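Scroll down for the structure; my scribbles are underneath it.
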Amino acid sequence: MEAVMREFTEPQHDHGAWEYEPDTHRTRWSTALYEIHGVERESFDPTVESVSTLVHPDDRETYMAIVRDAIATRTPFACQHRIVRPDGDTRVVIIRGSFVEGFEDTPDRLIGTTQDVTEHAGDEERLSHLANHDTVSGLYNSNRFMEELTREIASGRRNGADGALLVLNLDRFSEINSVLGHMAGDQLLRKVATVLRGRLRDTDTLARIGGDEFGMILPGCGPEAAGRVATQLIEAISNGATIQAGGTERRCGGSIGMAFFGPAERRLADDLLVEASLAMHRAKTNGRGHAQSFSEEMRAEQAVMLSTEDELRGAIGGHELRVQFQPIVSLDDGATIGCEALVRWEHPIRGMVGPGDFVSIAEETGLISKIGRIVLEQACRQAALWKRHGRDLFVSVNISPRQLTRPDLAADISHALTASGLPANLLCLEVTETALLRDPGPIVESLRRLKALGVRIAIDDFGAGASSFGLLRILPVDQIKIDHSFIQGLGDTTSDRAVVAAVVSLAKELGLSVIAEGVETQRQQAELRDLGAELAQGFLYSPARNPDELQLDGFAATVLHGVV
């Protein structure tokens, strides 16, 4: 395994980065890539002129076949071939690429690097190393890793031995890359590689198989042993994979998915990688920082998610989403003072589908930002119409964690307010407490930018996520919404009453208003009044309804039936 553990020490000036969109043929090159090909930006546009024209005629057909196969199969690829510069100079390059699935308005694309290896053209051993190793970490690349995995699966069948495949994904690596730059990101990747090598056996195989993903093959390891190794690796990364950047120590954790092979199974390497990746995504969904073994339930759930994602994309384009409004009332006199906007999916077969059945999928696939934008615009238009009819009702809109990390969120909100004519103080943005506790730093900064627009900010589901009362001192918050789980026990349990009383008291000290969620009985309402709560919403007053079905103290108005 000496080749696996060897560090890569080549200079990086001979590398160029590129990006290619198969649907539009749009191509972007780094400065180094123009230098490698000996062309000027002004004279060669890789989007207009086919890059294949720069490939040596004898290598062109093979090169094109490899790229077409990578696009069709959406798998990583590597290719060594010659290029011919305009001055006639022939160079030898290695091109590596990976398929990146589109996100919202971002199309599918291939991204990768091209490395000039001409000086090693006569050194077959060195060329082999370059073709099989990742240039950042020095580890095997994805192509070589899959070859090793195929060999280990076959060896396990012949020798009657078990084995494990581990896929590690770094948690919050993208934040380090975006905030500190790719050099810091590469430094962290090398540190992670070093930590992992120090914890694995010589018989194990380690590779960098994606941007922030590492693959490990553990021959002779069953589920129990692999689980122990995975736990040790996660702990080692959390404690040891650190870099100094921006004057402070930076670190990131990791989540691991595990899949297993043995003598009785006829497994393909690609299938096993899919299983480990599904398990890794489940680990990240369940809170990150731990290991998860694959189960067949995950495959079934993945199929449902993909199907739902496809249907949801159609629902967005086909205007099947509906925005309903649930009144928020004053506990003093019962008057409606605002409404929460809640999205529903009017499915052509399943009927009206609640957000619990599709919002998490929208969040994971990135569709939540597009849905959130639609709901925001419709809610602002509805509240603006109420105002024109003489009712100053504020409208609350839920903002997802993914939306909060988008730099264009403030622009979306500003546009929705301007387009509708709604005053900013009549829009309230709700953020769940669990999102704040997960990674408060960037979210607090995002909330401050939103607060500068003049909108209100509310913490939703307060108390459901191991509340951090200290956060309230630094958050630009106007309202606290007490989680419905505490409201349900009012009048029955003293502990729930004590929690609600503490939240109401704290909110008053901080000058915040309190909304009790999920009020269903007169007894709960009486308890809330006795504790000094100001506002409430729940089925006692009204479920969420279409705008034209709402009776707001005898007043009803609507913009549209649903979202358009």
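The values are calculated or read from the model by the stated rules, or taken from the named source; none is laboratory data. Everything quoted here is computed from the prediction, not taken from an experiment. Using ideal geometry, Cβ is built from the backbone for each residue, glycine included, and neighbour counts are taken over all protein chains shown. Side chains included, ligands, DNA and RNA excluded: accessible areas come from the protein's heavy atoms. Shrake-Rupley method; radii C 1.70, N 1.55, O 1.52, S 1.80 Å.
Here are a few things to note about the model shown:
- Taking θ as phi - 60° and the Karplus parameters 6.51, -1.76 and 1.60, the scalar couplings of region 29-44 work out to 10, 7, 4, 4, 5, 4, 5, 4, 8, x, 10, 9, 4, 6, 9, 9 Hz in sequence order, x denoting glycine and proline.
- Residues whose amide H lies under 5 Å from that of N141, counting only those 5 or more places away or on a different chain, are H133, D134; hydrogens are built 1.01 Å from N in the peptide plane.
- Candidate lysines - alpha carbon under 17 Å from K481, same-chain residues fewer than 8 apart omitted: K508
- Positive-end residue of L510, Q525, V500, charge dipole of region 468-526 with Cβ unit charges: L510
- DSSP bridge pairs, region 200-326: antiparallel proportion in percent, nearest 5: 75 percent
- Once you reduce region 350-369 and region 312-327 to the center of their Cα atoms, the two points are 10 Å from each other.
- Close amide H pairs (under 5 Å, H built 1.01 Å from N) link R545 with F325, Q326, residues at least 5 positions away or on another chain.
- With all protein chains modelled, accessible area of K191 [1.4 Å, Å²]: 70 Å²
- In sequence order, region 286-294 has phi-based couplings of 7, x, 6, x, 8, 9, 9, 8, 6 Hz under the Karplus curve 6.51 cos²θ - 1.76 cosθ + 1.60, θ = phi - 60°, and Gly or Pro positions carry x.
- Ordered from largest to smallest accessible area (heavy atoms of protein chains, 1.4 Å probe), the residues T521, T418, T62 come out as T418, T62, T521.
- For the residues S30, S307, a 1.4 Å probe over the protein chains yields an accessible-area ranking, largest first, of S307, S30.
- Residues with amide H under 5 Å from that of D212, placed H, sequence gap 5 or more: none
- Computed from phi, the 3J(HN,Hα) profile of region 527-542 under the Karplus parametrisation 6.51, -1.76, 1.60 (θ = phi - 60°) reads 4, 5, 4, 5, 7, x, 5, 9, 10, 8, 8, x, 5, 4, 9, 4 Hz, with x in place of Gly and Pro.
- Solvent-accessible ranking of T47, T308, T24, largest area first, probe 1.4 Å: T24, T47, T308
- Each residue of region 242-374 gets 230 Å³ once the volume of the Cα convex hull is shared out per residue.
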